[in-house]
1. Tally time: how many residues in segment 58-74 are among the charged types (D, E, K, R), touching a strand residue (DSSP E or B) at 6+ places or on another chain (Cβ under 8 Å) and either assigned to a loop (DSSP other than H, G, I, E, B) or open to solvent by less than 20 Å² (accessible area, probe 1.4 Å) (or both)?
2. Out of the residues in segment 93-113 that are in contact with a Ser or Thr (Cβ under 7 Å, 6 or more places away or on another chain) and more than 11 Å from G35 (Cα to Cα), state the one that is most open to solvent (accessible area, probe 1.4 Å).
3. Please determine whether any residue of segment 29-40 is part of a loop (DSSP other than H, G, I, E, B), exposed (fewer than 15 other Cβ atoms within 10 Å of the Cβ), more than 11 Å from the chain's Cα centre (by Cα) and of a type in the set (S, T, N, Q).
4. When only residues in segment 11-28 that are touching a strand residue (DSSP E or B) at 6+ places or on another chain (Cβ under 7 Å) and over 16 Å from C95 (Cβ atoms) count, which is most open to solvent (accessible area, probe 1.4 Å)?
5. Every residue in segment 75-89 that is open to solvent by 30 Å² or more (accessible area, probe 1.4 Å) and touching a residue at least 60 places away in the same chain (Cβ under 8 Å), please.
6. Note down all Cβ pairs under 8 Å where the first residue falls in segment 49-72 and is over 19 Å from S30 (Cβ atoms), the second is assigned to a loop (DSSP other than H, G, I, E, B) and open to solvent by less than 50 Å² (accessible area, probe 1.4 Å), and they're at least six residues apart or on different chains.
Amino acid sequence: QVQLVESGGGLVQPGGSLRLSCAASGSIFSSYSMGWYRQGPGKQRELVAIITSGGITNYADSVKGRFTISRDNAKNTVYLQMNSLKPEDTAVYYCRSFKLRNDYWGQGTQVTVSS
C-alpha cells in the first residue's frame, strides 16, 4: 500500500508562484509514474502533469510553460512548481502514483489564486 501526502497549497495572488509537494511512503516510489491532477469548482478532475519513472514529462496545454513537474526518488517526493498563476488555476490539486493496476491518490491540497 502506498500513501501520498500533498502539501504546499494556499492562497496566492495572480502572477504568483507556489510549489506543491507529494511525499510517498514505500520503497517502490522510483518505479511508479507520478502525476498531478486538479479539480476546480464545478469541474471534473483533470490531468495537470505527469512524470514517468524514467523522467519523461507531459503537461496539460493550459499549464505548459508555467508549471514544472519533477521528482526526487531519494526523498520519495514529487513536486509541482507553479508559476504565473491565474485565477482559473484555482482547484484542489491531487497527487497520483500509478503502475500497471496499482493506482493510489492523495487527499488533495487547495490552491486558490485570487487578489
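1. Applying the first criterion (among the charged types (D, E, K, R)) to segment 58-74 yields 61, 64, 66, 71-72.
Now restrict to residues that are touching a strand residue (DSSP E or B) at 6+ places or on another chain (Cβ under 8 Å): 66, 71-72.
This time we only want the ones that are either assigned to a loop (DSSP other than H, G, I, E, B) or open to solvent by less than 20 Å² (accessible area, probe 1.4 Å) (or both), so: 66.
Residues flagged as among the charged types (D, E, K, R), touching a strand residue (DSSP E or B) at 6+ places or on another chain (Cβ under 8 Å) and either assigned to a loop (DSSP other than H, G, I, E, B) or open to solvent by less than 20 Å² (accessible area, probe 1.4 Å) (or both) within segment 58-74 amount to 1.
2. The initial filter retains those residues of segment 93-113 that are in contact with a Ser or Thr (Cβ under 7 Å, 6 or more places away or on another chain), namely 93, 98-99, 104, 109, 111-113.
Still in the running and more than 11 Å from G35 (Cα to Cα): 99, 109, 111-113.
Details: K99: 82, T109: 19, V111: 0, T112: 44, V113: 7 Å².
Among those that are in contact with a Ser or Thr (Cβ under 7 Å, 6 or more places away or on another chain) and more than 11 Å from G35 (Cα to Cα), it is K99.
3. No; the residues of segment 29-40 include none that is part of a loop (DSSP other than H, G, I, E, B), exposed (fewer than 15 other Cβ atoms within 10 Å of the Cβ), more than 11 Å from the chain's Cα centre (by Cα) and of a type in the set (S, T, N, Q).
4. In the first step, residues of segment 11-28 are kept if they are touching a strand residue (DSSP E or B) at 6+ places or on another chain (Cβ under 7 Å); the result is 11-12, 14, 17-24.
Those still in the list that are over 16 Å from C95 (Cβ atoms) too: 11-12, 14, 17.
Values: L11: 131, V12: 19, P14: 64, S17: 62 Å².
Restricting to residues being touching a strand residue (DSSP E or B) at 6+ places or on another chain (Cβ under 7 Å) and over 16 Å from C95 (Cβ atoms), the top hit is L11.
5. To start, the set of residues in segment 75-89 that are open to solvent by 30 Å² or more (accessible area, probe 1.4 Å) comprises 75-76, 79, 81, 83-84, 86-88.
Listed by number, the residues that qualify are Y79, Q81, N83, S84, K86, P87.
6. Every condition considered, the pairs that remain are R66/L85.
The values are calculated or read from the model by the stated rules, or taken from the named source; none is laboratory data. Just so it is clear, the structure is predicted and the values come from calculations on it, not from any experiment. Methodologically, a virtual Cβ is constructed for each residue, glycine included, from the backbone with ideal geometry; neighbour enumeration extends over all protein chains shown. Ligands, DNA and RNA are excluded from the accessible area calculation, which covers all protein heavy atoms including side chains. Shrake-Rupley method; radii C 1.70, N 1.55, O 1.52, S 1.80 Å.
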